[in-house]
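Working notes, structure below.
The values are calculated or read from the model by the stated rules, or taken from the named source; none is laboratory data. Remember, it's a predicted structure, so these values are computed and weren't measured experimentally. Cβ: placed from backbone, ideal geometry, glycine included. Neighbour counts: every protein chain shown. In case anyone asks, the SASA skips ligands and DNA or RNA and just uses the protein heavy atoms, side chains included. Shrake-Rupley method; radii C 1.70, N 1.55, O 1.52, S 1.80 Å.
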Amino acid sequence: MFRRERSIPLRGSAAALCNNLSVLQLPVRNLTHFGVVHGPSAQLLSFAPEGLPLAQRQLHAKEGAGVSPPLITQVHWCVLPFRVLLVLTSHRGIQMFESDGSIMVYWHALDSGDASPVQAVFARGIAASGHFICVGTWSGRVLVFDIPAKGPNIVLSEELAGHQTPITDIATEPTQGQDCVADMVTADDSGLLCVWRSGPEFKLLTRIPGFGVPCPSVQLWQGTVAAGYGNGQVRLYEASTGTLHVQINAHARAICALDLAPEVGKVEHCHGECVPDTQVCGARFCDPSGSSFAVTGYDLAEILRFSSM
């Protein structure tokens with residue numbers, strides 16, 4: 001069971017985007033960082049267990065040609081073996097910052113040459129795999145960036161072509177040196193899932209067909225893919241074969257966020273919570289053991305926090 005803790009106030013409400021919450025825990029400093037998107041800006045907050053936020057920072061998408069500032073689609077911390085980068089995606093491109101958002105170390109502009117005049121151009125879906133950061137795009141391609149141990153010499157090393165519709169989410173997990181193991185899954189607007197093995201060249205291992213609804217959120221844990229769909233279903237697949245093991249019909253509306261606690265990993269109904277008159281748009285565990293989690297909602301100017309009793 002979980003109990004409601006003191007909420008964290010936001011300067012602006014959360015945008016109505018799936019997966020609109022990122023959490024970075026810093027156990028050494030006893031701090032937790034939260035990132036939330038609000039229109040053309042992303043809010044970063046540092047929070048200590050004692051109570052109020054210690055610091056807040058706002059980041060804005062890099063502007064290009066146009067009269068209006070670009071809208072941000074996602075903000076996410078990528079934990080690499082040797083550094084942590086904050087990645088921000090928008091309708092113009094991909095920005096990478098030092099973990100506190102103080103310095104931008106890389107900018108990648110999106111090429112809209114292949115897009116039709118009525119097609120929206122954007123990046124969405126962010127995950128780290130080894131020393132790579134993978135970012136999805138509106139075209140269905142996944143951009144793979146090779147990240148150095150330090151400095152701004154980031155290189156676009158590969159483009160993965162497994163999808164025909166916009167990427168919605170990307171999930172990864174460490175392989176711990178095992179070969180031929182699936183360690184990344186990508187999802188798109190059609191509900192298609194692609195399972196990959198990372199490396200100097202990424203390899204597509206399995207394609208799990210969709211069934212007519214988007215897959216806004218996906219997770220990967222020890223060879224099992226957990227996918228949340230637009231019809232409210234959560235499905236568990238075997239990553240290596242695409243075999244469906246479990247189908248959960250517990251929600252009447254679209255799944256907007258899905259997360260797992262890597263130190264626990266089991267599927268068990270432990271708690272239910274209703275946030276009245278609110279469209280939930282982000283949900284993340286705040287620690288690897290799953291003893292606390294946070295939730296954001298559209299037009300809600302606070303981050304809701306819950307901890308185990």
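A count restricted to the range 213-223 and to residues that are surrounded by fewer than 19 Cβ atoms within 10 Å (Cβ to Cβ) and either of a type in the set (S, T, N, Q) or in a loop (DSSP other than H, G, I, E, B) (or both) stands at 3.
Quick one: how many residues across the range 224-267 are loosely packed, with under 13 Cβ neighbours inside 10 Å, in contact (Cβ under 8 Å) with a residue 24 or more places away in the chain and either in a strand (DSSP E or B) or in contact with a helix residue (DSSP H, G or I) (Cβ under 7 Å, 6 or more places away or on another chain) (or both)? Counting residues in the range 224-267 that are loosely packed, with under 13 Cβ neighbours inside 10 Å, in contact (Cβ under 8 Å) with a residue 24 or more places away in the chain and either in a strand (DSSP E or B) or in contact with a helix residue (DSSP H, G or I) (Cβ under 7 Å, 6 or more places away or on another chain) (or both) gives 0. In the range 38-57, the residues that are on the phi > 0 side of the Ramachandran plot reach residues that are buried (at least 16 other Cβ atoms within 10 Å of the Cβ) and modelled with pLDDT of 85 or more with C-beta atoms within less than 7 angstrom, at least six apart or across chains, in these pairs: Gly39/Ala15; Gly39/Leu71. One residue stands out in the range 38-56 among those that are at pLDDT 90 or above and among the hydrophobic types (A, V, I, L, M, F, W, C): the one that is surrounded by the most Cβ atoms within 10 Å (Cβ to Cβ), namely Ala42. The sole residue among Val67, Val155, Val118, Val144 that is at pLDDT 95 or above and more than 19 Å from the chain's Cα centre (by Cα) is Val155. For the range 4-37, filtering for residues that are open to solvent by 60 Å² or more (accessible area, probe 1.4 Å) and in contact (Cβ under 8 Å) with a residue 12 or more places away in the chain leaves 6. The residue that is farthest from Cys286 (Cα to Cα), among those in the range 1-45 that are in contact with a His (Cβ under 7 Å, 6 or more places away or on another chain) and not in a strand (DSSP E or B), is Pro40.
Only one of the listed residues (Val181, Val195) is out of contact with any helix residue (DSSP H, G or I) (no Cβ under 6 Å at 6 or more places or on another chain), among the β-branched types (Val, Ile, Thr) and surrounded by fewer than 19 Cβ atoms within 10 Å (Cβ to Cβ). That residue is Val181.
Considering the range 211-240 alone, what residues qualify as being of a type in the set (Ser, Thr, Tyr) and either over 19 Å from Thr172 (Cβ atoms) or touching an Asp or Glu at 6+ places or on another chain (Cβ under 6 Å) (or both)? Ser217, Tyr229, listed by residue number. Comparison of Leu85, Leu160 shows that the only residue that is closer than 17 Å to Leu193 by Cα and open to solvent by less than 20 Å² (accessible area, probe 1.4 Å) is Leu160.
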